[in-house]
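Peer 1: Attaching a single structure in structure tokens format; questions to follow.
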Amino acid sequence: MLTCIIRYQIDPTKKSQFEQYARNWGQAIPRNGADLIGYYAPHEGSSTLAYGIYNIASLADYEAYRARLSADPLGRENFQFAQRERFILREDRTFLKLASEPHGEAR
């Protein structure tokens with residue numbers, strides 16, 4: 001299992017547009033095959049950093065998922081929304097694998 005972490009630099013004056021973008025991905029991402037952890041908008045501290053986090057089984061599954069997402073009507077619409085509104089200033093993707101398992105029991 002891989003975890004994709006998308007780090008966004010957003011325009012702080014357009015936080016509400018990013019939040020709409022996040023809600024749209026909340027619908028489109030799961031139905032196209034990724035396990036969405038969530039999208040996170042600024043609250044305290046930095047007003048320009050936001051994140052999207054989801055799990056995918058492999059890089060091959062990621063490629064198939066991206067193809068489905070680009071064909072999804074809401075996926076296409078959301079991408080165009082971001083391009084039109086220009087609230088995303090920068091976007092970086094990192095793929096990580098969990099290294100801490102097995103986890104201990106909680107106290």
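The values are calculated or read from the model by the stated rules, or taken from the named source; none is laboratory data. These figures come from a predicted structure and were not determined experimentally. Quick note on the areas: whole protein, heavy atoms, side chains included, nothing else; ligands and nucleic acids left out. Shrake-Rupley method; radii C 1.70, N 1.55, O 1.52, S 1.80 Å.
Peer 1: Can you classify the stretch 39-82 as rounded, prolate or oblate using the Cα gyration tensor, where a ≥ b ≥ c are the square roots of its eigenvalues, rounded means a/c under 1.5, and otherwise it's prolate if a/b beats b/c and oblate if not?
Peer 2: Details: a/c = 4.00, a/b = 1.54, b/c = 2.59.
Taking the square roots of the gyration eigenvalues as a ≥ b ≥ c, the stretch 39-82 is oblate.
Peer 1: Tell me the Rg and the Dmax, in Å, that the Cα atoms of the stretch 10-62 produce.
Peer 2: In Å, with Rg to one decimal and Dmax whole: 12.6, 37.
Peer 1: Using helices alone, I'd like the mean residue ellipticity at 222 nm for the chain: each DSSP H run of four-plus residues gives -39500 (n - 2.57), total over residue count, nearest 500. Intermediate values should be presented prior to the final figure.
Peer 2: Working: 3 runs with 43 residues, N = 107.
It lands at -13000 deg cm²/dmol.
Peer 1: Further question: Using a ≥ b ≥ c from the Cα gyration tensor of the chain (square roots of the eigenvalues), is it rounded, prolate or oblate, where a/c under 1.5 gives rounded and otherwise the larger of a/b and b/c decides, a/b for prolate?
Peer 2: On the way: a/c = 2.18, a/b = 1.23, b/c = 1.77.
It comes out oblate by the Cα gyration axes.
Peer 1: Related question: Contact order normalised by length for the chain, with contacts defined as Cα pairs under 8 Å and 6 or more residues apart; what percent is it? Intermediate values should be presented prior to the final figure.
Peer 2: Working: 159 pairs, mean separation 47.4, N = 107.
Relative contact order comes out at 44 percent.
Peer 1: Could I ask something else about it? Quick one: what are the phi-derived ³J(HN,Hα) couplings along the stretch 10-17, Karplus 6.51/-1.76/1.60 with θ = phi - 60°, whole Hz, x for glycine and proline?
Peer 2: 10, 6, x, 7, 10, 4, 5, 5
Peer 1: What figure in square angstrom, to the nearest 10, would you give for the accessible area of Arg7 with a 1.4 Å probe?
Peer 2: Counting only protein heavy atoms, Arg7 exposes about 100 Å² to solvent.
Peer 1: Right, another one. Can you send over the carbon and sulfur percentage of the accessible area for the chain, probe radius 1.4 Å, protein chains only?
Peer 2: Numbers: 3510 of 7030 Å².
Within the chain, the accessible surface is 50 percent carbon and sulfur.
Peer 1: GNM on the chain, C-alpha springs below 10 Å: top fluctuator among Asp72, Asp11, Asp92?
Peer 2: Sorting by GNM fluctuation, first place goes to Asp92.
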